[in-house]
Amino acid sequence: MDIQNTIQKLREELNQHNHNYYVLDTPTISDFEFDLKLKQLQDLENKYPEYFDENSPSQRVGGAITKNFQTVAHEHRMYSLDNSYSKEELMDWEKRVQKVLGDVPLEYTCELKYDGASISITYENGKLKRAVTRGDGFQGDDVTNNIKTIKSIPLKIKGNFPATFDVRGEIILPFAGFEKMNQELIEIGETPYSNPRNTASGSLKLQDSAEVAKRPLDCLLYFLIGNNLPFKSQFEGLETARNWGFKVPKEAKLANSLTEVFDFIDYWDVHRHNLPYETDGVVVKVNSFQHQDELGFTAKSPRWAIAYKFKSEQVSTKLNSISYQVGRTGSITPVANLEPVQLAGTIVKRASLHNADQIEKLDIRVGDTVFVEKGGEIIPKIIAVDFIKRPENSEATKYITHCPECNTELVRSEGEANHYCPNFYGCPPQIIGRIQHYISRKAMDIEGLGGETVALLFNNGLVHNYADLYELTVEQIRPLERMAQKSAENLVNGVANSKSIPFERVLFALGIRFVGETVAKKLAKHYKSIDALRKATLMDLILVDEIGDRIAQSVLDFFENEENRIIIDRLKSFGVQFEIVEKINPNATDKLSGKIFVVSGVFEKFSRDDLKKAIEDNGGKVGSSISAKTDYVVAGDNMGPAKLDKATKLNIPIISEDDFMKLINES
Ligand code: AMP
Ligand code: ZN
């Protein structure tokens, strides 16, 4: 093929992948493959400058800028980094550096390359002023409100800092938080996120910063930029930033030679798997600012820094069989059973196959030798088949047509990736899964009952749905495997105690598809009782803040089902909460802002803790002892005589819990 054609094709391909990645947030190739293609293009463009094109994907740093957030120009451009994939390339880089600087001793800062979304945060007089995404490097989106919700980013800093400066870093989603988010999605029958990096960058563009606040994002900082910075090298900069209160990972190291840089790389190539967050390489920076100034920048990246990308770990192994799992909401997940193999420090036996399309796209067949890669996902994934090793008589995989658990014909709705078993009330893993969800910690939090016991109860014919739990007796449970008098009693008590769980959690526990914790809270708050919710029409539901058709339809379907209605009526008769019990302050306000309260005595309607929380939720402060600064004393029964005395002397109003309620409820 002629060169010009090859370049053109690569550009188009990369443009498309950039679009998939940056705009659609759904990459279709791995980063490693993308980087290789880009590198290929860059090499060709360097070799054949006559085909230069300012619109080539090699010429731009990122993707298009998303609307809705205000576009802000970066005071200091946010450059990209050149990538390298081998030690030879690093040696070449050092040669280029030495060519500019001459034969001087060089120091390098070695840092990990955190895999997240880059951010530039401006501080003015020690206060966080603005946070802007990288965008195209010249201008990005103002995401200050979202960034402020990330707890590790200081809103105010301490130390000897210049009047204004920017700090640069990476917004990341640590593995643990990512897995937790996914667990929650899986619990409500949603598709989990594909990797931490895309989830972190997607989070920055969420419109509701309260939503962002719920996400366990973090920010790792690696660079200070501005005038009059009180240091002269990158490494000092890291230490200074850390001292000012920024989260700067301690792994960074100063190296006195390329050999020491290689040691750093070799060490982290192995040990990065023990880090709580994703890294995709090492960044090597010439340490001295004076040297950096002399080296300067190319059109898109500093000459004084280079990224070394780790090879994503990959192994090949044999696919022994494919099994199909049925989830709580009936969705089917194909799982690859592999010949056990060592990968990134663990033994891998299974890999996710996602869905039928994925199997077809990669043409994965039992008996194939497949390449397995571990990214940010919980379980590794198959990225390709080694076709050369395919056995001769191999046959294309036929996706199952019937449920492996109950033999019902599977369905697949328009636009959905997964097949599902529609036999919701007769398919064992769905029944068990629903009850397991019902008893789980965030739902009814039933003590003395675990997931395995639920399966045991079901398999012994003792429960078929969550309402049955409330009719279990100690006599029925005791004879079961691993059960005894005490554990049986605990179980029955645990179930009984769940009757005091508030309505919003009951609603979540019911396991209505797409009704997660947040949606359950919204619906509970809006309708206040299950009876009102049951009567709601599609139109009513859609009018509720943040409830879309998909959720609304799912709620309607749930109540349309006679079996569900019977179960709910039974739960009601057992005393499970199906109405909101009004709390003292359902809404946070700033009505008490600036006021200092002291709480004393015993209260009738709520606990002291609730009262204190109500004060704080409404913007007030709780003081521990009465002083001239106290605005109110909220007194219950048995207020201490000394306090009463002091309050009277200082002329501080003493109010009852009812007075207090009036205070926060008046408009
Ligand atoms: P690339 O996106 O491949 O051009 O790589 C450049 C990006 O790497 C920067 O924009 C940063 O977001 C990110 N990065 C992660 N860790 C570091 C680090 N320690 N130093 C500099 N950049 C980093
Ligand atoms: Zn089934």
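Cβ separations smaller than 7 Å between residues 6+ apart or across chains give the following pairs from the range 284-300 residues that are without any contact (Cβ under 8 Å) to a residue 12 or more places away in the chain to residues that are within 15 Å of ligand 1 (Cβ to nearest atom): GLY296/ARG303. Filter the range 213-238 down to the residues that are of a type outside the set (Gly, Ala, Ser), part of a helix (DSSP H, G or I) and either at pLDDT 95 or above or crowded, with 21+ Cβ neighbours inside 10 Å (or both) and list them by number. If the condition is that a residue be of a type outside the set (Gly, Ala, Ser), part of a helix (DSSP H, G or I) and either at pLDDT 95 or above or crowded, with 21+ Cβ neighbours inside 10 Å (or both), then GLN234, PHE235, GLU236, LEU238 are the ones that fit.
For every residue, the table says whether it meets (1) within 16 Å of ligand 1 (Cβ to nearest atom); (2) within 30 Å of LYS442 (Cα to Cα); (3) basic (Lys, Arg).
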residue	(1), (2), (3)
ARG96	no, no, yes
SER118	yes, no, no
LYS127	no, no, yes
VAL132	yes, no, no
GLN139	yes, no, no
LEU155	no, no, no
ALA163	no, no, no
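When GLY330 is tested against (1) within 16 Å of ligand 2 (Cβ to nearest atom); (2) among the small types (Gly, Ala, Ser); (3) touching a Pro at 6+ places or on another chain (Cβ under 6 Å), exactly one condition is not met: (3).
In summary, strands (runs of 3 or more DSSP E) completely within the range 64-142 and bearing 2 or more residues that are buried (at least 20 other Cβ atoms within 10 Å of the Cβ) occur at 108-114, 117-124, 127-133, 139-141. Which of the residues belonging to the range 524-547 are assigned to a loop (DSSP other than H, G, I, E, B) and surrounded by fewer than 12 Cβ atoms within 10 Å (Cβ to Cβ)? Hits for the range 524-547 are THR537, ASP545, GLU546. Scanning the range 329-354 for residues that are closer than 24 Å to ARG434 by Cα and β-branched (Val, Ile, Thr) yields a count of 4. In the range 378-407, the residues that are of a type in the set (Asp, Glu) form Cβ pairs under 6 Å with partners that are away from ligand 1 (no atom under 16 Å from the Cβ), at six or more places apart or across chains, as follows: ASP386/SER316; ASP386/THR369; GLU405/VAL326; GLU405/CYS427; GLU405/PRO428; GLU405/PRO429.
For the range 638-653, the set of residues classified as among the polar types (S, T, N, Q) and surrounded by fewer than 11 Cβ atoms within 10 Å (Cβ to Cβ) consists of ASN638, ASN651, listed by residue number. Within the range 246-290, the set of residues being aliphatic (A, V, I, L, M) and assigned to a loop (DSSP other than H, G, I, E, B) comprises VAL248, ALA252, LEU275. Please enumerate the residues belonging to the range 635-652 that are hydrophobic (A, V, I, L, M, F, W, C) and either touching a helix residue (DSSP H, G or I) at 6+ places or on another chain (Cβ under 6 Å) or over 24 Å from SER607 (Cβ atoms) (or both). Within the range 635-652, LEU650 is the sole residue that qualifies. When the range 413-423 is filtered for residues that are touching a residue at least 24 places away in the same chain (Cβ under 8 Å) and either part of a helix (DSSP H, G or I) or surrounded by fewer than 19 Cβ atoms within 10 Å (Cβ to Cβ) (or both), the ones remaining, listed by number, are ALA417, PRO422. Of all the criteria given as (1) in contact (Cβ under 8 Å) with a residue 40 or more places away in the chain; (2) among the hydrophobic types (A, V, I, L, M, F, W, C); (3) assigned to a strand (DSSP E or B), the one not satisfied by VAL341 is (1).
Of the residues making up the range 251-260, none is buried (at least 21 other Cβ atoms within 10 Å of the Cβ), of a type outside the set (D, E, K, R) and more than 16 Å from ligand 2 (Cβ to nearest atom). Scanning the range 143-175 for residues that are surrounded by 16 or more Cβ atoms within 10 Å (Cβ to Cβ) and either part of a loop (DSSP other than H, G, I, E, B) or within 16 Å of ligand 2 (Cβ to nearest atom) (or both) returns VAL143, LYS148, THR149, ILE150, ILE153, PRO154, ILE157, PHE161, LEU173, PRO174. The set of residues in the range 302-314 that are assigned to a loop (DSSP other than H, G, I, E, B) and modelled with pLDDT under 95 comprises PHE310, LYS311, SER312, GLU313. Scanning the range 87-113 for residues that are at pLDDT below 95 and under 32 Å from the mean Cα position of the chain (by Cα) yields nothing.
Just a yes or no: is a residue in the range 383-392 touching a Phe, Trp or Tyr at 6+ places or on another chain (Cβ under 9 Å) and not β-branched (Val, Ile, Thr)? Steps first, answer last, please.
Just the residues of the range 383-392 that are touching a Phe, Trp or Tyr at 6+ places or on another chain (Cβ under 9 Å), to begin with: 383-386.
Still in the running and not β-branched (Val, Ile, Thr): 384, 386.
Among the residues of the range 383-392, at least one is touching a Phe, Trp or Tyr at 6+ places or on another chain (Cβ under 9 Å) and not β-branched (Val, Ile, Thr), which makes the answer yes.
Take the conditions within 16 Å of ligand 2 (Cβ to nearest atom) and either on the phi < 0 side of the Ramachandran plot or in contact (Cβ under 8 Å) with a residue 24 or more places away in the chain (or both) and apply them to ARG441. Does it pass? It is false that ARG441 is within 16 Å of ligand 2 (Cβ to nearest atom) and either on the phi < 0 side of the Ramachandran plot or in contact (Cβ under 8 Å) with a residue 24 or more places away in the chain (or both). Residue count for the range 396-438 under the criterion of being within 12 Å of ligand 2 (Cβ to nearest atom) and among the small types (Gly, Ala, Ser): the result is 2.
The values are calculated or read from the model by the stated rules, or taken from the named source; none is laboratory data. Just so it is clear, the model here is predicted, and its values are computed rather than measured. Glycine also receives a Cβ, built like all others from the backbone with ideal geometry; neighbour counts cover every protein chain displayed.
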